[in-house]
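These notes are about the structure you will find just below.
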Amino acid sequence: MIEGMRLDLKKSRYQTFDELYLYCYYVAGTVGLMSVPVMGIAPESKASTESVYNAALALGIANQLTNILRDVGEDARRGRIYLPQDELEKAGLSDDDIFRGQVTDKWRNFMKGQIKRARMFFDEAEKGVSELSAASRWPVWASLLLYKQILDAIEANDYDNFSKRAYVGKAKKLASLPVAYGRALMKPSAKFAELMRR
């Protein structure tokens, strides 16, 4: 995690998603991994310890990718672009396009792909939440569902993450809590089995 903070002092571009993934691993994936012993795995869980840690790692990556997509404009004003350079180029976009901050069809298409990838990490993370100890499941489900909705907010803003900050309003936050609570009541490995059947 500390190495990830150091990267911000010397690196402001990431050539590929592999490079960006490593950064996300350092600054957020490690937080997910460190949280598992604190949250605890349910004694009755039939999932492997490795799969629970993999899900926690995925949640950290998903959250950091969501931060990056939400903060594109803010980061650009600081001279930083946390988006894969090769993928920008493939989409017909450049650093100058980011600094100009114009929402174009190219930008919308690019963002759709980035959001899809972030959601894939959230989906992977969901496989492990129900394997955590009963006391930990509700807050983790709540944070996962709320953070995931930031991606919905970017879409609702027509992919303008240059000048509009995507956030989840208070009403939506409150509405998410019963949903998170319902998921938290699901027994360990039952949710895992349901997700694996999809």
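Data overview
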| item | result |
| --- | --- |
| Residues located in the stretch 73-95, provided they are closer than 20 Å to Y26 by Cβ and either touching a His at 6+ places or on another chain (Cβ under 6 Å) or open to solvent by less than 40 Å² (accessible area, probe 1.4 Å) (or both) | D75, I81, Y82, L83, P84, Q85 |
| Qualifying residue in the stretch 96-114 (condition: on the phi > 0 side of the Ramachandran plot, surrounded by fewer than 14 Cβ atoms within 10 Å (Cβ to Cβ) and free of Cβ contacts under 8 Å to residues at least 40 places away in the same chain) | no |
| Residue identified as under 11 Å from the mean Cα position of the chain (by Cα), of a type in the set (D, E) and modelled with pLDDT of 95 or more among D158, D123, D152 | D123 |
| Lone unmet requirement of (1) part of a helix (DSSP H, G or I); (2) surrounded by fewer than 17 Cβ atoms within 10 Å (Cβ to Cβ); (3) charged (D, E, K, R) for D158 | (1) |
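The values are calculated or read from the model by the stated rules, or taken from the named source; none is laboratory data. None of the values given here were measured: they were computed from a predicted structure. Positions of Cβ are generated from backbone atoms using ideal geometry, with glycine treated the same way; all protein chains shown enter the neighbour counts. Ligands, DNA and RNA are stripped out before the accessible areas are found, and what is left, the full protein with its side chains, is counted by its heavy atoms. Shrake-Rupley method; radii C 1.70, N 1.55, O 1.52, S 1.80 Å.
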